[in-house]
Amino acid sequence: MTAGAGESDSSRLAYLDGLRGWAALIVVLCHLFPFYLLRSSGPSAEGVRHLLAKGAFWGYLQYSVATVGVVFYHFLTDGAIAVYVFFVLSGYVLSVGYVQKRRRELIADQALRRYIRLTVPIFFACCIAFCLMKLGLMYNQRVAVMSGSEWIAQFYQWSPDFFSLVKFALYDVYFDYFHVNSYVFVLWTMQLEFFGSFLIFCLLALFGELEKRWIPYGLALVAVWLINRDLVSFMMGLFIAELYQLEQVRLLLGRKVSKIAVSIMLMLVLLVPVLTFHYLARDNWAPVYSVAATIIVVSVMMLKPFQSAFSCRVSRFFGHISFSLYLMHPLVLCSFGAWYFIALHEYLSRPVLIASCAAFVVALSVLSARAFVILDSWGVREARRFSSAVLRKSALMPRTDSRVRRAGPAHAGESVGVPD
């Protein structure tokens, strides 16, 4: 939340788009390193004792450097915190247009195109997975023993058929998801994405025009906390959108002390992946990650250096392909990435094999995502076309304005790298 009241919506959504792109890349690194290539290795207590035994100063110095490295490694490969950033961004972008204009047709427009916008790229990604399975190009079962990763072995253990593909892509992915039978294993987030989106739509439609809307918002937050804590992050995005419209909030966030405070909180967020994994029960991860993701998003909106970094050309590129990268990298990882590991594991040393395999998977995932954007963009257009047709027919939108105006650029998406 930048202090500048005059900041344009398009510039704000541009750097948030870049943030989403880098979050998508972190998801790739998460599946690539701690879940796959480095699954069987990591810092050990024996290694720590060895460092400390070297002497009081040098031992602790090396231990401190190693600790900092571990903290950054866990943060930059923590797919969970990246996913919750997606969810917070989703809540923000789905609500900010309505919050600024209070036009109910904006809610109807987004709600009408939401299912189509999500389902079209999901269906095409599942079709690609179906073809790879039929051609025998999924090598994740074979690579599991060589890599030491039991995680990668749990996917694609069944024989695909077209009926199950259609049923999964159109229905199961939202209403009956089971990861073992998933055509793309990252699609567990789509159920949350779908229901989180409509949670935002319902809250805005029912209470968005009320002067005292924070009372039902607060009650809804309590209900969501009790029913499904993963959805708290969507409400955090809604709260950011609502609070940013208040002049006094923007002035408060523009003060130097506020920027120092959020910078300190951002540094503490770096510790979240390590602390949650070692000291928190899994049931408590969702609210902690929701708060951490909210701090990340707010920090980017407040601090100019982050805005510049996430608005650069590379960040915009990753933002543009974010949803496609999210969908394509599991297929690359389980097919060509696994094949690469199998083909070269006898000829390369382990460090060289891991480094080269990682570079290969990331590069091929990015290239695949760039090509997949064609299908993704077609889904966006069809979703808009459907929404416009329905709204015109229902007289909610004038015939002379076939497209609802949006608060942001064409790819200022909603979540999980899901540009609208």
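The values are calculated or read from the model by the stated rules, or taken from the named source; none is laboratory data. Computed from a prediction, not measured in an experiment: that's the story for all the values here. FYI the Cβ positions are ideal-geometry reconstructions off the backbone, even for glycines, and counts take in every protein chain you see.
Some points to look at:
- None of L268, L210, L280 is among the aliphatic types (A, V, I, L, M) and closer than 24 Å to G18 by Cα except L268.
- Checking every residue in the stretch 140-149 against the condition of being polar (S, T, N, Q), over 30 Å from L344 (Cβ atoms) and surrounded by 15 or more Cβ atoms within 10 Å (Cβ to Cβ) gives zero matches.
- Given (1) farther than 21 Å from D230 by Cα; (2) surrounded by fewer than 17 Cβ atoms within 10 Å (Cβ to Cβ); (3) modelled with pLDDT under 95, number of the condition G208 does not satisfy: (2)
- Answer residue from the stretch 251-262, given it is farther than 20 Å from Y84 by Cβ and touching a Ser or Thr at 6+ places or on another chain (Cβ under 8 Å) and is surrounded by the most Cβ atoms within 10 Å (Cβ to Cβ) among those: L253
- Residue check, L348 of a type outside the set (F, W, Y), surrounded by 14 or more Cβ atoms within 10 Å (Cβ to Cβ) and free of Cβ contacts under 8 Å to residues at least 12 places away in the same chain: yes
- Among the residues of the stretch 167-193, those identified as modelled with pLDDT under 95 and either in a helix (DSSP H, G or I) or under 15 Å from the mean Cα position of the chain (by Cα) (or both) are H179, V180, N181.
- When the stretch 130-153 is filtered for residues that are modelled with pLDDT of 95 or more, in a helix (DSSP H, G or I) and either under 15 Å from G337 (Cβ atoms) or not charged (D, E, K, R) (or both), the ones remaining, listed by number, are F130, C131, L132, M133.
- Criterion: part of a loop (DSSP other than H, G, I, E, B) and either buried (at least 21 other Cβ atoms within 10 Å of the Cβ) or on the phi > 0 side of the Ramachandran plot (or both) - qualifying residue of Y98, Y156, Y84, Y92: Y156
- Residue in the stretch 323-339 that is part of a helix (DSSP H, G or I) and touching a strand residue (DSSP E or B) at 6+ places or on another chain (Cβ under 8 Å) present: yes
- Conditions (1) within 18 Å of the chain's Cα centre (by Cα); (2) buried (at least 24 other Cβ atoms within 10 Å of the Cβ); (3) of a type outside the set (K, R): number failed by A338: (1)
- Within the stretch 245-271, residues that are among the basic types (K, R) have Cβ atoms under 7 Å from residues that are loosely packed, with under 11 Cβ neighbours inside 10 Å in these pairs: R250/A5, counting only partners at least 6 apart in sequence or on another chain.
- Contact map, the stretch 113-141: residues that are more than 19 Å from S159 (Cα to Cα) paired with residues that are surrounded by 20 or more Cβ atoms within 10 Å (Cβ to Cβ) and among the polar types (S, T, N, Q), Cβ distance under 6 Å, separation 6+ or inter-chain. Pairs shown: R113/S387; R114/S197.
- Residue check, P287 within 21 Å of the chain's Cα centre (by Cα) and surrounded by 12 or more Cβ atoms within 10 Å (Cβ to Cβ): yes
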